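Okay, so here's the structure we're looking at.
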Ligand SMILES: Nc1ncnc2c1ncn2[C@@H]1O[C@H](COP(=O)(O)OP(=O)(O)O)[C@@H](O)[C@H]1O
Ligand SMILES: [Mg+2]
């Protein structure tokens with residue numbers, strides 16, 4: 001198949017997320033190679049500071065794009081470089097601030113590498129690439145799940161802060177700086193720092209706009225057929241839907257496929273099969289792509305090409321694999337409504353119960369676990385309704401019922 005004709009936003013951003021070690025880098029690299037071979041100008045970005053992209057591709061990488069195969073470039077985000085080149089003023093401010101609070105010089109420098117910076121720079125890098133219009137497909141090999149969710153929630157968090165402290169504080173800073181600096185030893189940010197903060201804010205919001213546009217960006221969850229990994233994937237799916245990001249597929253990696261195997265392997269395979277089934281029902285109606293466990297290392301372009309082939313076959317990996325949100329959470333008069341798409345179910349066959357912070361759904365003999373985010377887990381389920389193939393559950397505070 002040839003690359004799909006491009007309409008709409010004109011760029012495709014695909015993020016691969018999942019627990020550490022599940023195969024994100026491998027699948028990202030495989031997807032990127034395939035996209036480039038279909039003719040897309042592609043860039044592959046590793047945001048995980050435990051970079052392994054370079055090793056997996058067997059190509060030397062840095063903070064600047066380097067060619068992997070014709071049509072594909074890759075880079076590993078270099079926090080130090082990004083920080084020094086673009087956001088030195090903010091870093092200086094943070095160090096100065098910490099010093100004024102009595103921290104030693106060296107500690108202050110180290111503290112300026114704030115948690116969340118990795119995620120922040122990934123968003124900024126994405127923006128830059130979209131603006132430059134040099135690439136048609138951007139593949140992001142994310143840091144482990146927690147960081148991805150933090151990255152994707154960053155725009156909301158920063159907006160909250162800005163709305164709370166801006167522009168009121170900006171005025172305060174300007175009017176009272178000389179006085180305030182005399183009274184307290186605390187150094188206030190200068191205009192340049194404030195300007196940088198404003199630019200930063202705008203850039204993050206722009207990145208959010210791209211990432212929450214389902215035609216432009218898709219998140220794909222990489223997982224393994226194992227209990228703990230799957231549970232984390234279920235949790236990630238709920239959170240991603242909660243923040244309004246479009247998840248368009250799940251990749252179950254390292255599935256044992258060895259019919260000739262020993263008894264021990266066969267029983268392991270049986271266990272894996274139950275988890276694979278669980279994945280198919282939990283993530284339904286998202287497509288679940290399976291990647292077998294390979295006996296041997298996956299290094300270099302030819303073996304990554306094979307991975308892409310088993311995952312996507314002749315299909316275009318840059319296309320949107322699923323449209324719509326499998327889980328949707330909305331705030332309504334004091335409570336929340338959780339909507340779950342169940343295209344194949346009939347009302348009378350749905351069974352539903354709660355188990356701690358999980359919701360268990362059963363229909364047509366399949367059990368589906370849905371992880372409830374903290375905001376919902378503390379509320380009680382007030383009503384359930386099923387129409388237009390969607391199950392809607394309302395959650396309210398105990399006393400409001
Ligand atoms: N399907 C597979 N079969 C065999 N080994 C795999 C498979 N997928 C990944 N690996 C290996 O597992 C290790 C971790 O994979 P990696 O893609 O780096 O995971 P992550 O980026 O999620 O941490 C690597 O050594 C990789 O070669
Ligand atoms: Mg990795």
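Read-outs: derived from the displayed coordinates by stated rules, not from any lab. Being a predicted model, the structure only gives us computed values, none of them experimental. Cβ coordinates were reconstructed from backbone atoms using ideal geometry, including for glycine residues, and neighbour counts include every protein chain displayed.
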Fill in the blank from the handout: Two pseudo-spin positions, 7 Å from Cα along C-beta at residue 331 and at residue 198, lie apart in nanometres by 2.8
Exercise for the section: Compute the separation of the alpha-carbon centres of the range 238-259 and the range 281-321 and state it in Å as a whole number. Expected result: 12
Problem - Ranked by how many other beta carbons lie within 10 Å on average, peptides 349-355, 225-231 from highest - result: 225-231, 349-355
Completion exercise
Everything considered on the Cα gyration tensor (a ≥ b ≥ c; rounded for a/c under 1.5, else prolate if a/b is larger than b/c, else oblate), the range 327-400 must be described as prolate
Completion exercise
Full extension between residue 263 and residue 353 adds, at 0.36 nm per residue less the Cα distance, a length in nm of 28.7 nm
